[in-house]
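Read the structure below first, then the notes.
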Amino acid sequence: MDLQTLRHSCAHILAAAVKTLYPKAKLGIGPAIADGFYYDFAREEPFTPDDLGKIEEKMQQIIKANQSFEKEVLPKNDAQKL
């Protein structure tokens, strides 16, 4: 796996962790970037340092579960239906 793919996957794991812990959080964008990855979230209250610890712990649980996920490239119409 190349570094760009790894960072992209980490962004998805971050989003999954946040949505599990904070279901009302709305997802923005979450790209891989030159120095790592990030994800924009919208919530009524900002994340606290305690929240960040919980998110990191949840990410580790998701990683340890070794769930498979794969990149799938679809035509735009098919992706919109999905």
task = Sort the following peptides by mean Cβ neighbour count (other Cβ atoms within 10 Å, averaged over residues), highest first: 8-17, 57-66.
result = 8-17, 57-66
inquiry  = Rounding to the nearest 10 and keeping the result within 0 to 90°, find how far the Cα-based axis of helix 49-64 lies from the longest principal axis of the chain.
reply    = 40 degrees
query = Classify the chain: rounded, prolate or oblate, from the alpha-carbon gyration tensor (a ≥ b ≥ c, eigenvalue square roots; a/c under 1.5 rounded; otherwise prolate if a/b is larger than b/c)?
reply = prolate
remark   = Taking protein heavy atoms only, a 1.4 Å probe, and rounding to whole percent, the accessible area of the chain owed to carbon and sulfur comes out at 54 percent
query = How much accessible area per residue does the chain have, in Å², with a 1.4 Å probe?
reply = 81 Å²
ask   = About its Cα centre, how strong a charge dipole does the chain have in debye, to the nearest 20, once Lys and Arg get +1 and Asp and Glu get -1 at the Cβ?
value = 280 debye
key: Most positive-pole-ward Cα, A11, P23, Q60, against dipole of the chain from beta carbon charges   = P23
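The values are calculated or read from the model by the stated rules, or taken from the named source; none is laboratory data. No experiment lies behind these values; they were computed from the predicted model shown. We place every Cβ from the backbone using ideal geometry, glycine too, and count neighbours over all the protein chains shown. Note: accessible area is taken over every heavy atom of the protein model, side chains too, but ligands, DNA and RNA are not part of it. Shrake-Rupley method; radii C 1.70, N 1.55, O 1.52, S 1.80 Å.
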